[in-house]
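Scroll down for the structure; my scribbles are underneath it.
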Amino acid sequence: MTNSDKPITTKIVVNQEELQTVDQFKYLGSIISKEGSKAEVTSRAAQTSAAMARLRPIWRDRNISLKSKVRLLRALVISIFLYACESWTLTAELQRRILAVEMRCYRILLNLTYRDHITNTEVRNTIRQAMGTDHLEDLLSIVIKRKLRWYGHVTRSKGLSKVILQGTVKGKRRRGRQRKKWDDNIKEWTGMTLAETQALAHDRVRWREVCSAAKCPHDHPRSRDR
């Protein structure tokens with residue numbers, strides 16, 4: 001697989017077997033695609049929906065409190081969605097999709113449909129009241145913080161992952177609008193340049209403060225997910 005628009009003409013042979021050129025492949029349970037993280041996020045959303053369906057008897061059990069159901073949701077379902085989320089490159093579309101996945105899970109817990117005309121704000125307030133807290137960290141904020149923490153960890157390390165993350169290759173970028181890169185999210189969420197984030201990440205205490213302060217960049221523009 002390559003991120004170039006030009007086809008590969010060089011043959012790569014390993015153990016007398018020619019490697020095929022593909023548009024995407026699965027590695028350690030995650031989908032790696034030349035089109036970015038859309039395929040992986042979509043796959044994780046589908047796996048999350050399947051897990052919610054398998055656990056439907058629990059969500060419909062009236063003997064289980066809503067607070068316990070939310071805890072089960074985070075432990076048994078959300079953990080599936082968050083697998084390897086540190087590697088995602090998030091566009092605005094994918095960020096909205098992550099918020100939609102979370103809302104869909106909450107609505108199943110509350111036995112709500114979109115025909116009930118209950119806004120996302122009302123759903124969140126209901127969940128907050130059940131958890132007994134005014135602050136309920138949304139799913140996108142969790143993804144953001146995990147990615148920032150991983151960025152700090154890699155920046156402080158001296159391994160191959162740091163070389164790959166901070167390294168550059170020869171050549172020119174293609175014409176037109178460029179694809180969003182993994183580290184573009186870091187600049188967007190921190191409001192700093194990469195040089196500034198690399199310097200700050202070496203201070204564990206200050207970088208931890210940056211991660212803690214990070215939150216969902218969207219203010220839930222839609223009252224209901226379509």
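The values are calculated or read from the model by the stated rules, or taken from the named source; none is laboratory data. Given the structure is predicted, the values throughout are model-derived calculations rather than measurements. Backbone-built Cβ (ideal geometry, glycine too); neighbour counts: all protein chains shown.
Go through Lys187, Lys181 for me and flag whichever is closer than 20 Å to Ala92 by Cα and modelled with pLDDT of 90 or more. Give the derivation first.
Details: Lys181 fails: modelled with pLDDT of 90 or more.
Lys187 is the lone residue from the list that is closer than 20 Å to Ala92 by Cα and modelled with pLDDT of 90 or more.
Of the residues Arg149, Arg124, Arg115, which is in the same structural domain as Ala100 (by TED's automatic domain parsing), surrounded by 16 or more Cβ atoms within 10 Å (Cβ to Cβ) and either charged (D, E, K, R) or over 16 Å from Ala100 (Cα atoms) (or both)?
Arg124
Taking into account only those residues within segment 137-167 that are of a type in the set (A, V, I, L, M, F, W, C) and within 14 Å of the chain's Cα centre (by Cα), which is farthest from Thr126 (Cα to Cα)?
Of segment 137-167, the ones of a type in the set (A, V, I, L, M, F, W, C) are 139-140, 142-144, 148, 150, 154, 160, 163-165.
After this cut, where a residue has to be within 14 Å of the chain's Cα centre (by Cα) as well, the list is 139-140, 142-144, 148, 150.
Details: Leu139: 16, Leu140: 19, Ile142: 20, Val143: 22, Ile144: 24, Leu148: 29, Trp150: 32 Å.
Per the criteria, the residue is Trp150.
Those residues that are surrounded by 15 or more Cβ atoms within 10 Å (Cβ to Cβ) and among the β-branched types (Val, Ile, Thr), I need them from segment 59-79; list them, please.
Val70, Val77, Ile78
Of the residues Thr168, Thr197, Thr155, Thr126, which single one is under 22 Å from Lys69 (Cα atoms) and either in a helix (DSSP H, G or I) or modelled with pLDDT under 90 (or both)?
On the way: Thr168 fails: under 22 Å from Lys69 (Cα atoms); Thr197 fails: under 22 Å from Lys69 (Cα atoms); Thr155 fails: under 22 Å from Lys69 (Cα atoms).
Only one candidate qualifies: Thr126.
Residue-by-condition table, conditions (1) modelled with pLDDT under 95; (2) among the charged types (D, E, K, R); (3) within 20 Å of Ser87 (Cα to Cα):
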{"site": "Pro7", "(1), (2), (3)": "yes, no, no"}
{"site": "Lys11", "(1), (2), (3)": "yes, yes, no"}
{"site": "Asp23", "(1), (2), (3)": "yes, yes, yes"}
{"site": "Lys26", "(1), (2), (3)": "yes, yes, yes"}
{"site": "Ile31", "(1), (2), (3)": "yes, no, yes"}
{"site": "Ala39", "(1), (2), (3)": "yes, no, yes"}
{"site": "Ala50", "(1), (2), (3)": "no, no, no"}
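Condition (residue is surrounded by 12 or more Cβ atoms within 10 Å (Cβ to Cβ) and acidic (Asp, Glu)) applied to segment 17-32: is it met by at least one residue?
no
Pairs needed: first member in segment 133-151, more than 22 Å from Arg71 (Cβ to Cβ); second member anywhere, part of a helix (DSSP H, G or I) and acidic (Asp, Glu); C-beta distance under 6 Å; at least 6 residues apart or different chains.
Lys147/Glu86; Trp150/Glu86
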